[in-house]
Structures are given as C-alpha cells and as structure tokens.
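One structure is given below, encoded as structure tokens.
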Amino acid sequence: MRDADIRTLTIIPPAGPLHGKVTPPGSKSITNRALLVAALAKGTSRLSGALKSDDTLYMAQALRQMGVGVEEPDATSFVVTGSGRLAAPAEPLFLGNAGTATRFLTAAAALVDGRVVVDGDQHMRKRPIAPLVEALRTLGVAVEAPSGCPPVTVTGEGGFAGGRVEVDAGLSSQYVSALLMAASCARGPVDVALTGLGTDGVIGARGYVDLTLATMRAFGAQVTQPDATSWRIAPTGYVATDYLIEPDASAATYLWAAEVLTGGAIDLGVPASAFTQPDARAHALISAFPNLPAEIDGAQMQDAIPTLAVLAAFNRTPVRFTGIANLRVKECDRVAALAQGLSRIRPGLGAEEGDDLLVAADPALAGQVLPARIDTFADHRIAMSFALAGLRIGGITIEDPACVGKTYPDYWRALGSLGVRFEGEVP
C-alpha cells in the first residue's frame, strides 16, 4: 500500500490544559469474558455497561453462529440467551485480531458436538496459540493448529472429561482463562495447573486470571485454589444472571495521562480505586509524573505500558520498562513498535535492549515541533498512546487512526470533546 493510500490523523497540541468529563467505554476484557460465560449459561443474561467494539462484536457474532441469542438493545448492553450448549457453526468463526475471543472460543469449541474452525485476520494468524492447543489435547480434545497460530480446528464431542491439565502461561494468561471458563462445563472436575512461570513463580498478567474467576463466580461457577498456581473447577455449568461491567481501565490510562501531560482535570466519572482490572495500577505511576521511577515492571499491567512509555518521553529522568516480553506477541510487537515510534519523534528516544524498552526522557520535548509519522502496525494501543505525544509536540501524525475501533471506537471524539483538534478526517 502506498503512503498516499494510508489514512492519517495529525494531532494539534492544545493551547492549554485539557478539562472536561469523559466516560471510558466498558472493559473489553470483562465484556468478552461475560459474553462467553453468559452464552454457556442456560437462560437469559443482561450485560450492562458493556463495550461495543471490534473485539466484542466479533465475539458476539461468533456466539450467534453457535446458536446463542445475542441482542443489543442499546449502545452499552447485550442480552444473551443460551441453552447451556453451543452448536457447531456452519462457517468458520472469523475473529479479526481479537486475542481474547480467539483463545476463549478455541477452548469453548471443545464443548461443541461437531467441527469448529477458529480463525482471524493476517495479524491473528501470527499470534501463538500452541500452548492452549497442547493443553486441550491432554484433556482428550481433538484439536489442530498446524502453524502453532490460528486457524485452529476443533472437533468436539459435546464436552470433555474432567482431569488435570497443565498449561504453559509464559506467553499469555488468556490460555489459562480460556481453560478455566470451559472447565466449568466439563463432565467432571478439572484441575488447571500452570507451567512456564518466571523465576519468582508468578504468572504475568495474573490480574486477568482474577477477572476471569470473578466473572465465572458471578455466573455460578465453583472454583477453589489448592495453591498459588492451580485451580479446581467443579462441573457446575453456569447460571444466567444480570451483570454490570465496569469501565475499561486500559482506556482510562490514556485519559489519566492526558490529564497530567497538559496539567488539566478530566473527570472519568469513576475513581481509579474503583477499578478491579490490573491496568488500573498504572494510575499511581501516572500520578507521579514527571517523576516516574527509573524502572517500571510491566508484567502485571501489560496493556498500560504503551501509555506509560509515551508519558516517559516527557519524564525528568530516563525510564526502563522490564517484564514486557509478552508485548512482543500482542496485536503487534509492541516493544519494537514503541521503540520505533519514539525514535521517529527523536532519534534514540526509544530503544530495545533484549526484551526491555528504554525511554531516554527529555521534558524539553514539550512545546517543540517534531514532525513524525507513527506507524501503528494496525495496533489500537500504539495509535492511542502516541496520540498523547501529540498533545505536547507539534507534527505527530498517526497512521491508520481507525484501528482504535478494536477497543475504543470513540477515542478521537473523546479527545475532541476535551478541546483537542486534528488535521485529517476523524474516523
């Protein structure tokens, strides 16, 4: 594709602090968990406060293909009616680049009586899924993923027996969450145990597993934890319920950062302390700006790292980001994308060192005009985080701004409501 064919949006730095009220969208992570668990329940569940974005709409459509009733009475609600079973879809499930939907439905497909193909776009076909495939095989599920990435073909027999399954959580906590949610519908108790842990024995993004467990329990699942790295799930299935989804903490990080970068005051309608998602812990770091610590461990707030990395460019002292190797297998290689984008603003501003990211902070960047065209690699978080640089630096141009539709379709309009202006067509 020629550069002239790529849509762009240039941020015009606001003349003063940003003030106003912005309500973040519902949590993507919780919405997709709740959609699947509600679909596996018998009866009708109403999910309110939900996110409507590419990722969640792919999930909703896939569930419809599997015989689940999914209605959308308004902009923030899903009404899900399930029979307690999933049917074999007539066509492959296409899930774009939605990692949660792809991993979760791969495990849930084991509950189907028939063949299910789980597929995605060119980006999803590069994202690993082999650890989940191997774990499902140990439970007796017939599953194939020749490339180690989607497409995945699952030939189910209406469920699977209980037993013990070990899963390598080194690449993604989503493998763990996928198994946990499906396990509640197994024919017997399932013990899920982790492998591939770091030297500290802690799973990266552990907070997302906690989100999964909280959602499961809200729909009637019975889960016990014999030790720090294993869970026993009783074969209870799920009970339909009404469920309120909290705002998205990852989306909130952009607004918290915009506030401190411009010296403004942005009311999100909910205090940071009310979030249960792991990315909310980034609020304490953002509040410390421009005195971010010299080293930030991103293992437990991975989706907040792009926000923090761009913020770090304006910090008083350099910042090293560690524990972020998993960012290399997200929607793009985010470590590389962040280093490249920062260095387009100023050579050497961002650098990779192994799997660490080094940001050579310089408060004097603020107020300068440093024309830079940011390749987002079709990654919503790269687009949204580098827009923050454009609040203080003139000439920041975002390629493919529409990619924010993956999780925050109204992002540009939210910034616009605070007084930010743009050159180019807002998607």
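The values are calculated or read from the model by the stated rules, or taken from the named source; none is laboratory data. As the structure is a computational prediction, the values presented were derived from the model and not from experiment. FYI the Cβ positions are ideal-geometry reconstructions off the backbone, even for glycines, and counts take in every protein chain you see.
Residue pairs, Cβ under 8 Å, 6 or more apart or interchain, first in the stretch 108-130 and in the same structural domain as residue 32 (by TED's automatic domain parsing) and on the phi > 0 side of the Ramachandran plot, second in a loop (DSSP other than H, G, I, E, B) and hydrophobic (A, V, I, L, M, F, W, C). List them.
114/87; 114/88
Can you pull out every residue in the stretch 223-238 that is of a type outside the set (S, T, N, Q), exposed (fewer than 15 other Cβ atoms within 10 Å of the Cβ) and assigned to a strand (DSSP E or B)?
Residues satisfying the conditions are 226, 227.
Check the stretch 53-69 and report whether any residue there is in contact with a helix residue (DSSP H, G or I) (Cβ under 9 Å, 6 or more places away or on another chain), among the aromatic types (Phe, Trp, Tyr) and either modelled with pLDDT under 95 or farther than 16 Å from residue 238 by Cβ (or both).
yes
Return yes when residue 327 is assigned by TED's automatic domain parsing to the domain that holds residue 394, buried (at least 16 other Cβ atoms within 10 Å of the Cβ), touching a residue at least 12 places away in the same chain (Cβ under 8 Å) and not small (Gly, Ala, Ser) and no when it is not.
yes
Every residue in the stretch 269-286 that is of a type in the set (Gly, Ala, Ser) and either free of Cβ contacts under 8 Å to residues at least 24 places away in the same chain or within 26 Å of residue 355 (Cα to Cα) (or both), please.
If the condition is that a residue be of a type in the set (Gly, Ala, Ser) and either free of Cβ contacts under 8 Å to residues at least 24 places away in the same chain or within 26 Å of residue 355 (Cα to Cα) (or both), then 272, 273, 280, 282, 284 are the ones that fit.
Only one of (1) at pLDDT 95 or above; (2) touching a Phe, Trp or Tyr at 6+ places or on another chain (Cβ under 8 Å) fails for residue 168. Which number is that?
Only one criterion in (1) at pLDDT 95 or above; (2) touching a Phe, Trp or Tyr at 6+ places or on another chain (Cβ under 8 Å) is unmet by residue 168, namely (1).
For the stretch 183-204, indicate whether the set of residues that are more than 25 Å from residue 323 (Cα to Cα), more than 25 Å from the chain's Cα centre (by Cα) and without any contact (Cβ under 8 Å) to a residue 40 or more places away in the chain is non-empty.
Scanning the stretch 183-204 turns up no residue that is more than 25 Å from residue 323 (Cα to Cα), more than 25 Å from the chain's Cα centre (by Cα) and without any contact (Cβ under 8 Å) to a residue 40 or more places away in the chain.
Check residue 97 against each of (1) touching a strand residue (DSSP E or B) at 6+ places or on another chain (Cβ under 9 Å); (2) crowded, with 24+ Cβ neighbours inside 10 Å and name the one condition it does not meet.
Going through the list (1) touching a strand residue (DSSP E or B) at 6+ places or on another chain (Cβ under 9 Å); (2) crowded, with 24+ Cβ neighbours inside 10 Å, residue 97 breaks only (1).
Look at residue 321 and say whether it is out of contact with any strand residue (DSSP E or B) (no Cβ under 8 Å at 6 or more places or on another chain) and either more than 25 Å from residue 211 (Cβ to Cβ) or hydrophobic (A, V, I, L, M, F, W, C) (or both).
So residue 321 does not fit the description; no.
For residue 106, work out the one condition from (1) crowded, with 22+ Cβ neighbours inside 10 Å; (2) in a strand (DSSP E or B) it doesn't fulfil.
Residue 106 satisfies every listed condition except (2).
In the set 81, 76, which member is touching a residue at least 24 places away in the same chain (Cβ under 8 Å), surrounded by fewer than 24 Cβ atoms within 10 Å (Cβ to Cβ), among the polar types (S, T, N, Q) and farther than 28 Å from residue 303 by Cβ?
81
Of a type in the set (Gly, Ala, Ser), closer than 24 Å to residue 157 by Cα, within 17 Å of the chain's Cα centre (by Cα) and at pLDDT 95 or above, is that true of residue 114?
When the stated conditions are applied, residue 114 does not pass them.
Considering only residues of the stretch 330-358 that are among the small types (Gly, Ala, Ser) and under 30 Å from residue 209 (Cα atoms), which is surrounded by the fewest Cβ atoms within 10 Å (Cβ to Cβ)?
For the stretch 330-358, the residue satisfying everything is 354.
Which condition number in (1) within 20 Å of the chain's Cα centre (by Cα); (2) surrounded by fewer than 20 Cβ atoms within 10 Å (Cβ to Cβ); (3) closer than 19 Å to residue 106 by Cβ is the one that residue 173 fails?
Evaluating residue 173 over (1) within 20 Å of the chain's Cα centre (by Cα); (2) surrounded by fewer than 20 Cβ atoms within 10 Å (Cβ to Cβ); (3) closer than 19 Å to residue 106 by Cβ leaves (2) as the failure.
When you scan the stretch 1-80 for strands (runs of 3 or more DSSP E) that lie fully inside it, which ones turn up with 3 or more residues that are more than 27 Å from residue 92 (Cα to Cα), over 23 Å from the mean Cα position of the chain (by Cα) and assigned by TED's automatic domain parsing to the domain that holds residue 270?
8-12, 19-21
Restricting to the stretch 263-310, count the residues that are polar (S, T, N, Q), in a helix (DSSP H, G or I) and buried (at least 23 other Cβ atoms within 10 Å of the Cβ).
The number of residues fulfilling the criteria is 2.
Would it be correct to say that residue 413 is assigned to a loop (DSSP other than H, G, I, E, B) and either of a type in the set (D, E, K, R) or under 25 Å from residue 264 (Cα atoms) (or both)?
The answer is no for residue 413.
Output the number of the condition that residue 370 fails; it satisfies all remaining conditions of (1) in contact with a helix residue (DSSP H, G or I) (Cβ under 6 Å, 6 or more places away or on another chain); (2) part of a helix (DSSP H, G or I); (3) surrounded by fewer than 19 Cβ atoms within 10 Å (Cβ to Cβ).
Of the numbered conditions (1) in contact with a helix residue (DSSP H, G or I) (Cβ under 6 Å, 6 or more places away or on another chain); (2) part of a helix (DSSP H, G or I); (3) surrounded by fewer than 19 Cβ atoms within 10 Å (Cβ to Cβ), the odd one out for residue 370 is (2).
Restricting to the stretch 81-103, give me the number of residues that are among the β-branched types (Val, Ile, Thr) and either at pLDDT below 95 or assigned to a strand (DSSP E or B) (or both).
1
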